[in-house]
Amino acid sequence: MAETARAFEFVEDEDRALEEARAALLAESKRIVEALLFASAEPLEERLLAERLPDGADLDAALAALREDYATRGVNLARAGTKWYFRTADDLGWLLRREETPQKKLTRAAIETLAIVAYHQPVTRAEIEDIRGVAISKGTLDVLLETGWIRLRGRRKAPGRPITYGTTDRFLVHFGLEQISDLPGLEELKGAGLFDGRLPPGFGVPKPDDGEALTADEDPLDADDTAEDFPLLAQVEQVEDGEVDATGETSGQPEPDSEAAE
């Protein structure tokens, strides 16, 4: 009996030691993730966070525990796609409104174009015009590219090989979305009063998908697409890389296009 009791105690000690080791690893993982996210000016990829953790660490568990820790604080842990970041709690946002940088108001054409890209991506300019029923100026796309909310995805496998557009992680962060599928569906839009009249038979809202992988009808971008077709993107990339002039601004900011009056 004594030997059996000692055997049980030994097993219990091993289990206790294992649990303590797991708890210590989780605590250390949380500290590392917290430090990385706190020091970063931009949301960090899960892949990058996982690379910094000790062997055997569970990134999902660390993020879940850290998110729970910050759930009731003034700063919350948020996710955008596969990236994570700290942001001010929603109910405290009003305290920082005076500190926000004023942003250029989008025209109606830009808002409609952004919505079409978000729901129909990957989508070409011609397809956007077909959905809107009116032509869009190049300035509309330039403004959205400048904000960093849309990106060049690839080229459609069709005559002329038009460029396809999609949304970015910055779009998710700005609108407080964890993933593109969090965009409201038809029933939610109806509930918000955005569809008051009778809808045509078969009308539906597409299921958005912002996957990085190109679709079967897309080719990769050409090497000179960004510089040749969209010189404004070079300015955006300079801002992201910290290459700005002495005033802290880049030159050649685009003016809102003339479609605001539509």
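The values are calculated or read from the model by the stated rules, or taken from the named source; none is laboratory data. Worth saying up front: this structure is predicted, and the values here are computed from it rather than measured. With ideal geometry, Cβ positions are generated from the backbone for all residues, glycine too; neighbour counts draw on all protein chains shown.
Candidates in the stretch 148-180 are the residues that are assigned to a loop (DSSP other than H, G, I, E, B) and of a type in the set (Gly, Ala, Ser); of these, the one that is nearest to residue 105 (Cα to Cα) is 148. Please find, within the stretch 72-87, the residue that is modelled with the lowest pLDDT out of those that are touching a Leu at 6+ places or on another chain (Cβ under 8 Å) and of a type in the set (A, V, I, L, M). My answer is 80.
Just for the stretch 107-147: of the residues that are within 20 Å of the chain's Cα centre (by Cα), among the polar types (S, T, N, Q) and assigned to a helix (DSSP H, G or I), which one is surrounded by the most Cβ atoms within 10 Å (Cβ to Cβ)? Show your work before the answer.
Residues of the stretch 107-147 within 20 Å of the chain's Cα centre (by Cα): 110-123, 141-147.
If we keep only those that are among the polar types (S, T, N, Q) as well, we get 113, 121, 147.
From what's left, assigned to a helix (DSSP H, G or I): 113, 147.
On the way: 113: 27, 147: 18.
Here the residue is 113.
Hey, could you check the stretch 31-89 for residues that are of a type in the set (Val, Ile, Thr) and closer than 20 Å to residue 174 by Cα and say which is farthest from the chain's Cα centre (by Cα)? Among those that are of a type in the set (Val, Ile, Thr) and closer than 20 Å to residue 174 by Cα, it is 75.
Scanning the stretch 88-105 for residues that are in a loop (DSSP other than H, G, I, E, B) and at pLDDT below 80, which turns out surrounded by the most Cβ atoms within 10 Å (Cβ to Cβ)? Before the answer, list the steps.
Kept after step one, since they are in a loop (DSSP other than H, G, I, E, B), are these residues of the stretch 88-105: 89, 100-105.
Now narrow it down to the ones that are at pLDDT below 80: 100-104.
On the way: 100: 8, 101: 4, 102: 5, 103: 8, 104: 13.
Going through the qualifying residues, I end up with 104.
Being within 25 Å of residue 48 (Cα to Cα), not aliphatic (A, V, I, L, M) and not assigned by TED's automatic domain parsing to the domain that holds residue 34 is not true of residue 155.
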